[in-house]
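In what follows, a structure is listed as structure tokens, so that the remarks can point back to it.
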2 protein chains.
Amino acid sequence: MKYAAKIEVSLKPGHSNPEGETTSRLLVELGYKVQAVDVSKLYTVHLDATSLAEAEAKAEEMSKRLLANPTKDNYTISVAEVK
Amino acid sequence: MKYAAKIEVSLKPGHSNPEGETTSRLLVELGYKVQAVDVSKLYTVHLDATSLAEAEAKAEEMSKRLLANPTKDNYTISVAEVK
């Protein structure tokens, strides 16, 4: 069966986030009442698996092996079957 | 009141997505049954507004003015109040 795994990779708190800081400053300069901006990356991985549980396990593995850096990144995974 | 607007900016279909293609190829080389990977950027904007409707309207404006390029990007917005 076909699944789509959405894997959001974001910086752990305390890590420098220059893109978010710049975006926040620009939005304030444009007149918006913005306190902060977080920027993260969202991977949507289209994969084959035999069950939702297997797809979730594979997405977890992919995050650890390739997509996220455990030293500096947090990640969250949500998997849905594609009909 | 305080709101968090999640704004996902992704490439329109048909635009070249080299990062997704490379990620997909690497995952296949690692042994995963992956067909394709889409990569998008997720901004979480922390902002003040007087209502959910105002926060949504501001997030829409920010997307058009700064965060997304209407020529090549699609964007989706979801706003929630932060208690």
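The values are calculated or read from the model by the stated rules, or taken from the named source; none is laboratory data. Predicted, not measured: the structure shown is a model, and the values here were computed from it. Please note: Cβ atoms are built from the backbone with ideal geometry, for glycine as well, and neighbour counts cover all protein chains shown. Note: areas computed on protein heavy atoms with side chains; ligands, DNA, RNA excluded. Shrake-Rupley method; radii C 1.70, N 1.55, O 1.52, S 1.80 Å.
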Go through region A:16-32 and count every residue that is within 7 Å of chain B (Cβ to nearest Cβ), surrounded by 13 or more Cβ atoms within 10 Å (Cβ to Cβ) and not in a helix (DSSP H, G or I).
1
I need every pair where a residue in region B:9-20 that is over 14 Å from residue B:36 (Cα atoms) has its Cβ under 9 Å from the Cβ of a residue that is assigned to a loop (DSSP other than H, G, I, E, B) and among the β-branched types (Val, Ile, Thr), sequence separation at least 6 or different chains.
B:12/B:71
Residue B:76 - would you say it is surrounded by 14 or more Cβ atoms within 10 Å (Cβ to Cβ) and either polar (S, T, N, Q) or free of Cβ contacts under 8 Å to residues at least 24 places away in the same chain (or both)?
no
Being assigned to a helix (DSSP H, G or I), in contact with a strand residue (DSSP E or B) (Cβ under 7 Å, 6 or more places away or on another chain), among the β-branched types (Val, Ile, Thr) and more than 7 Å from every other protein chain (Cβ to nearest Cβ) is the requirement here; does residue B:9 meet it?
no
Which residues, taken from region A:71-83, are within 17 Å of residue A:2 (Cα to Cα) and either in contact with a Leu (Cβ under 8 Å, 6 or more places away or on another chain) or not in a loop (DSSP other than H, G, I, E, B) (or both)?
A:77, A:78, A:79, A:80, A:81
Cβ-Cβ under 7 Å pairs, at least 6 apart or on other chains, region B:48-71 side small (Gly, Ala, Ser), far side open to solvent by 70 Å² or more (accessible area, probe 1.4 Å):
B:49/B:1
Tell me which residues, restricted to region A:53-69, are open to solvent by less than 30 Å² (accessible area, probe 1.4 Å) and polar (S, T, N, Q).
A:63
When region A:33-70 is checked residue by residue, the ones that are assigned to a helix (DSSP H, G or I) and within 7 Å of chain B (Cβ to nearest Cβ) are A:58, A:62, A:65, A:66
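Run down B:12, B:72 and say which single residue is touching a His at 6+ places or on another chain (Cβ under 7 Å) and among the charged types (D, E, K, R).
From the options B:12, B:72, the qualifying one is B:72.
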Being on the phi < 0 side of the Ramachandran plot and open to solvent by 20 Å² or more (accessible area, probe 1.4 Å) narrows A:9, A:39 down to just A:39
Do the conditions hold for residue B:50, that is, is it of a type in the set (S, T, N, Q), closer than 27 Å to residue A:1 by Cβ, surrounded by fewer than 16 Cβ atoms within 10 Å (Cβ to Cβ) and at pLDDT 95 or above?
no
Taking the condition more than 10 Å from chain B (Cβ to nearest Cβ) and more than 19 Å from residue B:23 (Cβ to Cβ), does residue A:81 pass?
yes
